[in-house]
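**Student:** Following this message is one structure expressed as C-alpha cells.
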Amino acid sequence: MRIVVLVSGTGSNLQAVIDAVASGSLELTIAAVGADRPGTYGVERSAAAGIDTFVVDFKAFEERSDWDAALLDKVRSYQPDYVVSSGFMRIVGAKFIEAFPNRYLNTHPALLPAFPGAHGVRDALAYGVKVTGCTVMYADAGVDTGPIIAQRAVEVLEGDSEESLHERIKIAERELLIETLRQLTSF
Ligand code: GAR
C-alpha cells in the first residue's frame with residue numbers, strides 16, 4: 001500500500017507514521033509528503049527520513065482551482081492507494097475528492113461532528129466539554145464532514161490549556177491513525 005501524506009505544520013502525527021513504518025509495525029510505503037506552503041517542519045522531517053517531498057504553494061496561485069489541479073497532478077504522480085491529510089489545513093476541491101473516493105483520510109482533534117474547523121481543541125475547551133477526543137474520517141468537500149472511520153475519547157482535565165489538551169489528544173490521534181492505516185493494509 002502506498003500513501004501520500006499532506007501536511008501544513010509540524011507533522012508530529014506524520015512522524016509517528018514514519019516511525020511505525022521504520023520499525024516494521026506498519027507495512028506500507030510513504031511515497032511522498034507534500035505541503036501547501038514552504039518551510040514546514042513536516043516536510044523537513046520527511047526529507048530527513050529520506051522520503052520524497054513536494055510543496056504546492058497555495059499562495060503561488062491566483063486561482064484556487066489552479067492550486068487544486070496542481071496538487072492533484074502532483075499527488076497522482078506518486079500513484080498512492082491512499083492520501084492522508086495529517087494537519088493539512090486546506091480544503092481541497094471536488095476534483096481532488098473525486099479522484100480519491102474513500103481513499104482520502106483526514107484526522108481531526110475533536111469528536112466530530114462536534115467542533116469542526118481549524119480550532120477544534122480551542123472550541124471544545126471554550127465550550128466546557130468534559131470529554132473530547134479525535135476522529136479519523138474520509139475527507140469530503142466540507143469542513144470535517146466526511147464519513148467517520150474511527151474515534152477515540154480524551155478527558156478534559158481541570159486546568160487544561162489548549163496546548164496541554166492538544167498534546168494528549170495527539171497521543172490518541174497518532175495511535176488511531178496508525179491503527180486505521182494498519183487495518184487498511186490488511187484489505
Ligand atoms: C492534528 O491534531 C490534526 O488533527 C489537526 O492538526 C494537528 C496537526 O498536528 N488538524 C486539524 O485541526 C484539521 N481540522 P501535527 O502537524 O503535529 O501532526
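**Student:** Tell me, which strands (runs of 3 or more DSSP E) wholly within the stretch 1-56 include 1 or more residues that are over 13 Å from the mean Cα position of the chain (by Cα) and among the hydroxyl-bearing types (Ser, Thr, Tyr)?
**Tutor:** Numbers: elements: 2-7, 29-35, 53-55.
Answer list for the stretch 1-56: 29-35, 53-55.
**Student:** Among the residues of the stretch 57-64, are any of a type in the set (A, V, I, L, M, F, W, C), under 30 Å from Ser161 (Cα atoms) and not in a loop (DSSP other than H, G, I, E, B)? Working first, answer last.
**Tutor:** First pass over the stretch 57-64, keeping only residues of a type in the set (A, V, I, L, M, F, W, C): 58, 60-61.
Keeping just the survivors that are under 30 Å from Ser161 (Cα atoms) gives none.
No, every residue in the stretch 57-64 fails to be of a type in the set (A, V, I, L, M, F, W, C), under 30 Å from Ser161 (Cα atoms) and not in a loop (DSSP other than H, G, I, E, B).
**Student:** Another one. Of everything in the stretch 36-57, what is under 15 Å from Ala22 (Cα atoms) and touching a residue at least 24 places away in the same chain (Cβ under 8 Å)? Give them in sequence order. Let's see the steps before the verdict.
**Tutor:** Start the filter on the stretch 36-57 by keeping residues that are under 15 Å from Ala22 (Cα atoms), which leaves 45-51.
The answer is Arg45, Ser46, Ala49, Ile51.
**Student:** Just the residues that are at pLDDT below 95 and either under 19 Å from Arg103 (Cβ atoms) or in contact with a Phe, Trp or Tyr (Cβ under 8 Å, 6 or more places away or on another chain) (or both), please, taken from the stretch 118-163.
**Tutor:** Residues of the stretch 118-163 that are at pLDDT below 95, as a first pass: 118, 139-146.
Answer for the stretch 118-163, where residues must be at pLDDT below 95 and either under 19 Å from Arg103 (Cβ atoms) or in contact with a Phe, Trp or Tyr (Cβ under 8 Å, 6 or more places away or on another chain) (or both): Ala139, Asp140, Ala141, Gly142, Asp144, Thr145, Gly146.
**Student:** Follow-up question, since we're still on this one. Look at the stretch 126-138 and say how many of its residues are touching a strand residue (DSSP E or B) at 6+ places or on another chain (Cβ under 8 Å) and farther than 13 Å from Thr180 by Cβ.
**Tutor:** Kept after step one, since they are touching a strand residue (DSSP E or B) at 6+ places or on another chain (Cβ under 8 Å), are these residues of the stretch 126-138: 130-138.
Restricting the remaining residues to those that are farther than 13 Å from Thr180 by Cβ gives 130-133.
Of the residues in the stretch 126-138, 4 are touching a strand residue (DSSP E or B) at 6+ places or on another chain (Cβ under 8 Å) and farther than 13 Å from Thr180 by Cβ.
**Student:** Being hydroxyl-bearing (Ser, Thr, Tyr), more than 11 Å from the ligand (Cβ to nearest atom) and touching a Pro at 6+ places or on another chain (Cβ under 8 Å), is that true of even one residue in the stretch 101-108?
**Tutor:** Filtering the stretch 101-108 down to residues hydroxyl-bearing (Ser, Thr, Tyr) leaves 104, 107.
Keeping just the survivors that are more than 11 Å from the ligand (Cβ to nearest atom) gives 104.
Retained after the next criterion (residues that are touching a Pro at 6+ places or on another chain (Cβ under 8 Å)): none.
The answer is no; no qualifying residue exists.
**Student:** Within the stretch 146-170, work out how many residues are exposed (fewer than 13 other Cβ atoms within 10 Å of the Cβ) and within 12 Å of the ligand (Cβ to nearest atom).
**Tutor:** Qualifying residue count, the stretch 146-170: 1.
**Student:** Continuing with this model, one more query. Ala94 fails exactly one of the following numbered conditions: (1) among the small types (Gly, Ala, Ser); (2) more than 21 Å from Met1 (Cα to Cα); (3) surrounded by 13 or more Cβ atoms within 10 Å (Cβ to Cβ). What is the number of that condition?
**Tutor:** So Ala94 meets the others, but not (3).
**Student:** For the stretch 109-145, give me each residue that is within 9 Å of the ligand (Cβ to nearest atom), of a type outside the set (Val, Ile, Thr) and surrounded by 17 or more Cβ atoms within 10 Å (Cβ to Cβ).
**Tutor:** Pro109, Ala110, Gly120, Cys134, Asp144
The values are calculated or read from the model by the stated rules, or taken from the named source; none is laboratory data. Keep in mind that what you see is a predicted model, and the values were worked out from it rather than measured. Here the Cβ is made from the backbone with ideal geometry for all residues, glycine too, and neighbour counts use every protein chain on show.
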